[in-house]
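J.: Below you'll find the structure I mean.
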Amino acid sequence: MSGRNRKLAVAAAAAVALGVAAHGANASVVWGGSEYDVVTAEGITWSVAKAAADATGWHLATVTSAAEDAFVSSLLPSSPASRSHFWLGASDAANEGSWQWVTGEAWSYMHWWSGEPNNVGAENYLAYDYRGGWAWNDAQNDLQSAYPFVRGYVIERATPAVVPLPGTLALLGIGIAAAVGAARRRPSR
């Protein structure tokens, strides 16, 4: 293994470990039945970002409507100091020009920058690209080797069902019983 590949392998392992640690606590934002989070990981490749998201039970975010696009892009820095990329969950690596979401959802909504996707240099992976605002760009898996743009990735998962903490239902029942009891004891006018 070359020195560069060894460094990438170490970085990949670290990114997966950080992803697992960062998302065990459910620090996310809920919208439209899904939770979203932005993971900062300078220079991470799309494939390593995907592996890190998958390892935590999340997936790279899919953006299937203008409303979702506006919400997800609002999670990103509003004006980064320089051009920036955050990976999303789509690729056309299997069939050039045929973009697919990692979840298998229908590919119907798009928000490309003008002139994108252009597949310059085998660009098969979707990223939000900041150019005075956020829109989509196709990029190389290891974009950082040519351009230092990659800042991290956006993850998503279905909102888990809310499960009450042990004892919550009992406390709620006691509270309701007390309220009913108090109402019955109140003198009538």
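J.: Add +1 for every Lys or Arg and -1 for every Asp or Glu among the other residues with Cβ under 10 Å from the Cβ of Ala90, and state the total.
T.: Cβ neighbours under 10 Å give a net charge of -3.
J.: Counting every Cα pair in the stretch 39-139, what percent are over 25 Å apart?
T.: Numbers: 612 of 5050 pairs.
Tail of P(r) above 25 Å: 12 percent of Cα pairs.
J.: Can I ask one more? How far apart, in nanometres, would the label points at Ser82 and Asn95 be if each is projected 7 angstrom from Cα along the Cα-to-Cβ direction?
T.: Label at Ser82, label at Asn95, 3.8 nm between them.
J.: Additional query: Calculate, in nm to one decimal, what Ala55 and Phe71 gain on full extension: separation in residues at 0.36 nm each, minus their alpha carbon distance.
T.: 3.3 nm
J.: Hey, another quick one. Obtain the nm distance between the two label points defined at Glu42 and Trp107 by a simple spin-label model: each point lies 7 Å from its Cα along the Cα-to-C-beta direction.
T.: Calculated label separation equals 3.3 nm.
J.: Would you rank Val150, Val29 by solvent-accessible area, highest first, keeping every protein chain in place and using a 1.4 Å probe?
T.: Result, largest first: Val29, Val150.
J.: Would you mind counting up the charge near Leu126? Only other residues with Cβ under 9 Å from its Cβ, with Lys and Arg at +1 and Asp and Glu at -1. Please report the intermediate quantities before stating the final value.
T.: Values: positive: none; negative: Asp92, Asp138.
Residues close to Leu126 contribute a combined charge of -2.
The values are calculated or read from the model by the stated rules, or taken from the named source; none is laboratory data. As the structure is a computational prediction, the values presented were derived from the model and not from experiment. Methodologically, a virtual Cβ is constructed for each residue, glycine included, from the backbone with ideal geometry; neighbour enumeration extends over all protein chains shown. Ligands, DNA and RNA are stripped out before the accessible areas are found, and what is left, the full protein with its side chains, is counted by its heavy atoms. Shrake-Rupley method; radii C 1.70, N 1.55, O 1.52, S 1.80 Å.
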